[in-house]
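In what follows, a structure is listed as C-alpha cells, so that the remarks can point back to it.
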Amino acid sequence: MMIRIPAPAIAFLLALATGQSCAFASHNIQTTTKTHRSLQRPTSSHHKSIDLQNIHKTRSSAAALQLRAGATSTDSNTIPPPPPASNLSLLKFYFPCLALWISGPLLSLVDTSFIGLSAKAGAVGGAGSAAQLAALGPATTFIDGSLYLFAFLNVATTNLYASALAKGAVENTKNKSNKSGVEEKPGEGVVRTAAKTSLYSGIGLMLFLLAVARPLIALYIGPEAAASPGLLDAAHEYVKIRALSMPTSLLGGVLQSALLGAKDSVTPLVSILYSTIVNVSGDYLLVSKLHMGLKGAAIATLCAQLAGTIAMIPAARRKLLSKGSSLGLLPRWMTKRQPDEISARTFLKFAAPVLTLILGKISAFGFMTNAAAGLPGQPATLAAHQIALSLFFFASPFLEVISQIAQAFLPTYTVLPKEERGRKADVAEWHAASERFVFRLEKVGLGVGVLIASVVGSIVAFAPGIVTKDAGVQAAAKPLALILAAGVSLTAPVAVSEGALIARKELTYLAGVYFLSTALLPPVLRRIRSGGGPVSQVWICFALFQLFRSTCFLGRILATRGKTDAE
C-alpha cells in the first residue's frame with residue numbers, strides 16, 4: 001500500500017512563506033505588495049540557462065528600491081546582496097529534487113509493503129511474512145546503499161552542468177563548436193561524461209554484486225540470522241536480480257541531476273511516475289497474485305527502474321543536447337563524432353569529500369542492521385528493524401532535499417560580484433544575508449521534520465498493518481514508534497546544517513564529525529548485540545548518533561555567525 005504524502009509539502013510551503021517575510025523585514029525594504037511580488041517573480045520554466053545579466057539587473061533594482069525607501073544599511077557605493085529566493089523558485093527546486101531522492105526508498109518501501117501483506121502470516125520457514133521481511137532488510141540495504149555510494153556522480157553533474165550553463169550565459173553564446181566543428185549547447189560535454197561515467201560505474205557495480213553478494217550478505221547479517229531457514233538464500237536472490245538494474249539506475253540518476261541543473265522540473269517527475277506505476281503493478285501481479293515472494297518483488301523493481309530510465313533518455317536528449325547529438329555511451333571508435341568532453345578527473349575531485357560523508361551514513365545503517373540481526377527473537381526482531389529502517393529511508397528525502405536547496409542557493413551569497421562602476425560588494429552584508437537564508441532553511445527543516453516524523457511514528461504505533469499482517473512483527477515494531485520519530489526529527493537540523501556547511505566548503509570539519517561519530521557507534525552497538533537487548537536499544541543509539549551530529553553541525557554554524565570570509 002502506498003503512503004500519501006501531500007501534507008509535508010503543504011507545511012514546507014507555509015514555513016517558506018513565514019521565513020521569507022522575516023528575511024525581507026531584516027533588510028528594512030518597505031514597498032507595496034505589488035512591487036514585492038514583482039521582485040520575486042521567478043524565471044519562466046522554459047528558460048534552461050542562468051541569465052547573469054538579469055541577476056545583476058535584479059541586484060541593481062533592489063539597491064534602487066532600498067535608496068528610495070530610505071534604507072540606511074546599504075551604502076550607495078556598495079552592491080547589495082540579491083533578494084531572498086521566492087517561494088515559487090524554491091518549490092520548483094524542491095519537488096524535482098524530492099523525486100530524485102525518494103525514488104529508491106519508495107521502490108523499496110513498496111516491496112516491503114507487498115511482501116509484508118502478501119506473505120503467509122505465522123508460516124514457518126522462508127514462506128512466512130517475518131522471514132520474507134527479514135530477508136528483505138539486508139537485501140534492500142545492500143542495493144540502496146550501493147546506489148547511494150555513487151551519489152557523488154549526481155552532485156558532480158549538477159554542479160558542473162550549472163557551471164557550464166553559467167559560463168555560456170556570461171559569454172552570451174547559446175551554442176559553441178567542438179573540436180570536430182559541430183555546434184553543441186553549453187554543458188553537453190558534462191552530460192556525456194557524466195552519462196558514460198555512470199554507465200561504466202553501474203556495470204562494474206553490477207558485476208561486483210553478482211560475484212560477491214552472497215558472502216557479503218552472510219557476513220553482514222551474522223551467523224545467527226544466516227542460520228534462519230531460507231533467509232540468506234532469499235536475500236541473495238533479491239540482490240542478484242536488483243543488481244541487473246545498476247547501470248540504468250546510475251545513468252538515470254545523472255540524467256535527473258543534469259535536468260535539475262537545467263531547471264527542468266517536469267521530466268524527473270514523469271520518470272518517477274513511470275517507475276512507481278510499473279513497480280506497483282508488478283508487485284501486485286507477481287507478489288500478490290502469483291505469490292513469487294521476494295523474487296517477484298525484485299523483478300518488479302528491476303522493471304520499474306528500467307522503465308524510468310528509458311522514459312527519461314529521449315526527453316534528456318531533447319533538452320540537454322543539440323539536435324543529432326548523442327549521450328556518448330558507445331566507445332569513440334564506434335561513433336563518427338568526437339565531441340569535447342570534460343575530463344573524468346573533474347568528477348573524481350568530488351569523490352573524496354563526498355564519499356567520506358556517504359560512507360559514514362551507510363556504515364551507520366549497516367552497523368545497526370548487523371546489531372539487530374544478532375538479537376534474540378528472530379526473525380521478528382530483524383523484520384521490525386526493517387520496517388523502521390524503510391520508513392526512515394522514506395522520510396529522510398523530505399529533509400535531504402532542503403540540504404540540496406542550501407547547496408544550490410547559498411553560493412548566490414558566497415560568490416561576490418566584481419567591482420562595477422566604482423561600486424563593490426559589502427562582504428559583511430552579503431555574509432549576513434547568507435546567514436538569514438541558512439536560519440530560514442533551519443526553520444523550514446524543523447517544521448517538515450516534525451511533521452514527517454509524526455507520520456512515520458504514527459504508522460508504526462497505530463497502523464502497523466499497513467506494512468505487515470504478522471502479529472509478532474507488529475508487536476516487535478510498536479516500541480520503535482517514538483524512537484523512530486525522534487530520530488527523524490533530529491535528522492532535520494543534521495541535513496540542513498550539513499548542506500550549509502558543504503556550500504561553505506567546510507568539508508574537512510564535516511568529514512571529521514562523521515569519522516568520529518562513525519568510530520564511536522560500532523562499539524556501542526556491539527555491546528547491545530552481545531547483551532541481547534531489545535531492538536529498541538539499537539534505535540535509541542541511532543537517535544543519540546543524530547543528536548551528536550546535529551549539535552556539532554549547528555554549533556559550527558553558530559560559532560561562525562557574524563564572521564566573514566575575510567576574517
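Annotations
- Restricting Ser536, Ser550 to residues that are under 16 Å from Gly374 (Cβ atoms) and modelled with pLDDT of 90 or more narrows the list to Ser536.
- The residue of the range 515-559 that is nearest to Arg504 (Cα to Cα), among those that are under 23 Å from the mean Cα position of the chain (by Cα) and among the β-branched types (Val, Ile, Thr), is Ile557.
- Screening Leu269 against (1) more than 21 Å from the chain's Cα centre (by Cα); (2) not aromatic (Phe, Trp, Tyr); (3) not in a loop (DSSP other than H, G, I, E, B) leaves a single unmet condition, (1).
- Of all residues in the range 274-303, those that are without any contact (Cβ under 8 Å) to a residue 12 or more places away in the chain have Cβ atoms under 6 Å from Cβ atoms of residues that are open to solvent by less than 70 Å² (accessible area, probe 1.4 Å), 6 or more apart or on another chain, in Met292/Leu286.
- Enumeration of residues in the range 312-329 that are touching a Ser or Thr at 6+ places or on another chain (Cβ under 8 Å) and surrounded by 19 or more Cβ atoms within 10 Å (Cβ to Cβ): Met312, Ala316, Gly328
- Residue check: Ser228 meets all listed conditions (1) modelled with pLDDT of 80 or more; (2) crowded, with 17+ Cβ neighbours inside 10 Å; (3) under 21 Å from Phe142 (Cα atoms) but one, namely (1).
- Residues of the range 105-131 that turn out to be under 20 Å from Glu224 (Cβ atoms) and at pLDDT 80 or above, as a count: 0
- Elements of type helices (runs of 4 or more DSSP H) contained in the range 443-542, each with 3 or more residues being touching a Cys at 6+ places or on another chain (Cβ under 9 Å): 507-531
- Checked against the criterion of being surrounded by fewer than 17 Cβ atoms within 10 Å (Cβ to Cβ), closer than 21 Å to Leu109 by Cβ and touching a residue at least 12 places away in the same chain (Cβ under 8 Å), the candidates Lys478, Lys424 yield just one match: Lys478.
- Where a residue in the range 458-475 is under 11 Å from Ser113 (Cβ atoms) and its partner, wherever it lies, is of a type in the set (Gly, Ala, Ser) and not in a helix (DSSP H, G or I), with Cβ under 7 Å and at least six apart: Lys469/Ala121
- A residue that is under 30 Å from Leu375 (Cα atoms), of a type in the set (A, V, I, L, M, F, W, C) and in contact with a Leu (Cβ under 7 Å, 6 or more places away or on another chain) can be found somewhere in the range 200-218.
- Each residue in the range 452-463 was checked for being crowded, with 16+ Cβ neighbours inside 10 Å and under 26 Å from the mean Cα position of the chain (by Cα), and 7 pass.
- Residues (assigned to a loop (DSSP other than H, G, I, E, B), open to solvent by less than 60 Å² (accessible area, probe 1.4 Å) and either at pLDDT 90 or above or among the hydroxyl-bearing types (Ser, Thr, Tyr) (or both)) located in the range 180-223: none
- In summary, Gly472 fulfils each of the numbered conditions (1) more than 29 Å from Ala134 (Cβ to Cβ); (2) surrounded by fewer than 22 Cβ atoms within 10 Å (Cβ to Cβ) with the single exception of condition (1).
- Out of Ile557, Ile466, sole residue that is open to solvent by less than 30 Å² (accessible area, probe 1.4 Å) and of a type outside the set (Lys, Arg): Ile557
- Screening the candidates Leu286, Leu251 for the property of being under 22 Å from Leu207 (Cα atoms) and assigned to a helix (DSSP H, G or I) yields one hit, Leu251.
The values are calculated or read from the model by the stated rules, or taken from the named source; none is laboratory data. Remember, it's a predicted structure, so these values are computed and weren't measured experimentally. Please note: Cβ atoms are built from the backbone with ideal geometry, for glycine as well, and neighbour counts cover all protein chains shown. Just the protein is used for accessible areas: all its heavy atoms, side chains included, with ligands, DNA and RNA removed. Shrake-Rupley method; radii C 1.70, N 1.55, O 1.52, S 1.80 Å.
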